[in-house]
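Below you'll find the structure, written out as structure tokens, and then a few comments.
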Amino acid sequence: MTFVRNAAALGGSEARETALACLDAGIDAANPERVVADAVTLDGRLLTVGDDSYDLREFDDVLVLGGGKAGVGVARALEGVLGDRVTDGVVVVPDAAELARVSVVVGDHPVPSDRGVEGTRRLLDLAEAADERTLVLAVVTGGGSALLAAPAEGVSLDDLRRTTDALLDSGAEIREMNAVRKHLSAIKGGRLARAAAPATVVGLVLSDVVGDDLSVIASGPTAPDETSYADALDVLDRYDIDAPAAVRERLERGAAGGISETPREGDSAFDRVRNVLLGSNFSSLDAARNEAETRGYDTCILSSRVRGESREAAKTHAAVAEEAIFTGNPVSPPAVVLSGGETTVTVRGDGTGGPNQEFALSAAVEFATAWRGEADVVLACVDTDGRDGGTDVAGAVVDDETVDDAAAARAALADNNAFSYLDARDAVVETGPTGTNVNDLRVLVVEDE
């Protein structure tokens with residue numbers, strides 16, 4: 001399946017065509033309807049999810065509850081398997097869609113909104129009404145931390161929005177951000193599981209976090225949480241977050257023991273909960289690797305866990321390409337080096353861009369100054385959801401000709417304005433919303449000299 005809409009403008013060489021094909025293969029591997037079909041089957045009245053089976057005769061109701069960027073695809077696939085056995089449901093997602101049995105509510109990402117709060121309250125009402133004869137199929141996918149917005153007691157939506165904005169600009173990693181968000185929410189950090197108890201809950205999880213930590217994906221609504229109010233306060237302090245008074249007051253009260261913690265491993269809320277990982281960043285990298293190998297390239301998956309500041313991580317990737325060119329390590333050209341994970345941007349300027357665009361532009365500066373003309377190297381990097389940072393582009397494709405003025409490129413990076421620089425050079429990748437999200441995907445193609 002083709003996802004890159006402007007592939008014709010971005011192609012032109014074998015290296016570029018390979019990079020774009022690997023992007024398409026990686027995104028397609030995370031298609032939520034495909035991964036659900038692989039993991040969920042119905043044989044008569046026996047529903048199998050992963051390694052576990054559930055006799056539907058034991059349940060009066062089957063609910064589909066959750067959300068995130070892949071929420072519609074997962075819910076649609078579940079309707080396809082279960083049909084009218086789905087009693088009701090709500091998924092909160094970024095784009096409108098029509099489903100037969102499950103209500104689709106549009107929320108907002110990366111900053112929560114009123115409509116996201118409304119949808120999440122409807123979802124929680126269904127969860128709280130569930131009993132021991134209810135099967136809850138919980139849809140947990142990337143982006144759920146913002147879309148599933150349910151402010152905790154004493155915290156307003158505006159408080160959540162201001163705190164989220166500050167965290168996004170701070171350069172904090174996702175698990176740090178989510179430690180804060182879990183302690184300001186009525187659904188995150190295992191609280192959806194607690195609301196649904198004593199129902200049987202099956203979490204259907206599509207991971208967008210490094211390491212696939214179930215407690216971090218969408219802030220872990222169906223998973224035990226080991227972070228604390230004190231951890232959340234520490235994040236605010238380390239990143240110098242000027243949080244609203246109500247936020248800091250709640251976290252301080254919790255740290256002092258005045259508010260109950262998120263449910264831990266062993267809590268009775270999880271007695272009837274099972275989480276199943278449907279897809280992850282590594283699955284996408286593996287599919288991209290297979291595509292490269294069918295095209296005759298040697299391959300190397302560098303890591304699915306790359307994190308840190310985007311522009312700095314890019315320099316390391318450029319160094320890997322340089323090593324391959326001049327020493328044949330870690331793989332000899334023609335080769336494709338792949339990586340995933342989630343890098344971050346510390347916002348200091350007033351420009352437009354996102355982590356993948358900053359990554360691409362920083363790497364392009366290295367390409368232009370290290371070996372211009374000595375090798376054919378192409379880097380393609382995207383956010384698999386199709387929206388990089390606050391932009392409507394997925395990322396960028398660059399080579400050693402992209403940057404013709406290193407000083408101007410560095411100035412764009414300093415102003416966090418990678419989009420403008422790359423767009424002017426027809427280097428941005430346009431996919432539109434892909435309907436999935438398994439983090440960043442990077443394809444580094446190194447041809448023979």
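The values are calculated or read from the model by the stated rules, or taken from the named source; none is laboratory data. Note that this is a predicted model, so its numbers are computed, not measured. Counting neighbours? That spans all protein chains shown, and the Cβs are built from the backbone with ideal geometry, glycine included. Please note that ligands, DNA and RNA were not included when accessible areas were found on the heavy atoms of the full protein model with its side chains. Shrake-Rupley method; radii C 1.70, N 1.55, O 1.52, S 1.80 Å.
Among the candidates 413, 441, 422, single out the residue that is under 15 Å from residue 69 (Cβ atoms) and touching a helix residue (DSSP H, G or I) at 6+ places or on another chain (Cβ under 8 Å).
441
Please tell me if residue 214 is in contact (Cβ under 8 Å) with a residue 12 or more places away in the chain, hydrophobic (A, V, I, L, M, F, W, C), within 26 Å of residue 65 (Cβ to Cβ) and not in a helix (DSSP H, G or I).
When the stated conditions are applied, residue 214 passes them.
Considering only region 22-36, I want to know if a residue exists there that is touching a Pro at 6+ places or on another chain (Cβ under 7 Å) and crowded, with 21+ Cβ neighbours inside 10 Å.
No: zero hits.
Yes/no per residue for (1) assigned to a loop (DSSP other than H, G, I, E, B); (2) at pLDDT 95 or above; (3) touching an Asp or Glu at 6+ places or on another chain (Cβ under 7 Å); (4) surrounded by fewer than 24 Cβ atoms within 10 Å (Cβ to Cβ):
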position: 187; (1), (2), (3), (4): yes, yes, no, no
position: 194; (1), (2), (3), (4): no, yes, no, yes
position: 198; (1), (2), (3), (4): yes, yes, yes, yes
position: 204; (1), (2), (3), (4): no, yes, no, no
position: 218; (1), (2), (3), (4): no, yes, no, no
position: 221; (1), (2), (3), (4): yes, yes, no, no
position: 226; (1), (2), (3), (4): yes, yes, no, yes
position: 231; (1), (2), (3), (4): no, yes, no, yes
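Please enumerate the residues belonging to region 367-394 that are surrounded by fewer than 24 Cβ atoms within 10 Å (Cβ to Cβ), charged (D, E, K, R) and in contact with a helix residue (DSSP H, G or I) (Cβ under 6 Å, 6 or more places away or on another chain).
Result: 376, single match.
Which condition number in (1) part of a strand (DSSP E or B); (2) without any contact (Cβ under 8 Å) to a residue 40 or more places away in the chain is the one that residue 316 fails?
(1)
Starting from residues that are open to solvent by less than 10 Å² (accessible area, probe 1.4 Å), part of a helix (DSSP H, G or I) and not hydrophobic (A, V, I, L, M, F, W, C), keep the ones in region 132-164 and report whichever is nearest to residue 48 (Cα to Cα).
Once the filter is applied, the top-ranked residue is 144.
Select from region 353-384 the residues that are in a loop (DSSP other than H, G, I, E, B) and farther than 26 Å from residue 2 by Cβ and list them in ascending order.
371, 372, 373, 374, 375
Among the candidates 123, 167, which residue alone is open to solvent by less than 30 Å² (accessible area, probe 1.4 Å), within 21 Å of residue 79 (Cβ to Cβ) and either among the aromatic types (Phe, Trp, Tyr) or not in a strand (DSSP E or B) (or both)?
Every option except 123 fails the conditions.
Would you mention how many residues in region 395-410 are out of contact with any Ser or Thr (no Cβ under 7 Å at 6 or more places or on another chain), open to solvent by less than 60 Å² (accessible area, probe 1.4 Å) and either more than 19 Å from residue 4 (Cβ to Cβ) or part of a strand (DSSP E or B) (or both)?
Result for region 395-410: 9.
If the requirement is being small (Gly, Ala, Ser), out of contact with any helix residue (DSSP H, G or I) (no Cβ under 7 Å at 6 or more places or on another chain) and within 24 Å of residue 168 (Cα to Cα), which of these qualifies: 308, 328?
The conditions single out 308.
I'd like to verify a number: residues in region 350-366 that are out of contact with any helix residue (DSSP H, G or I) (no Cβ under 6 Å at 6 or more places or on another chain) and either among the hydrophobic types (A, V, I, L, M, F, W, C) or open to solvent by 10 Å² or more (accessible area, probe 1.4 Å) (or both), how many?
4
Identify the residue in region 271-301 that is assigned to a helix (DSSP H, G or I) and touching a helix residue (DSSP H, G or I) at 6+ places or on another chain (Cβ under 6 Å) and, among all such residues, is nearest to residue 194 (Cα to Cα).
Checked region 271-301; the qualifying residue nearest to residue 194 (Cα to Cα) is 283.
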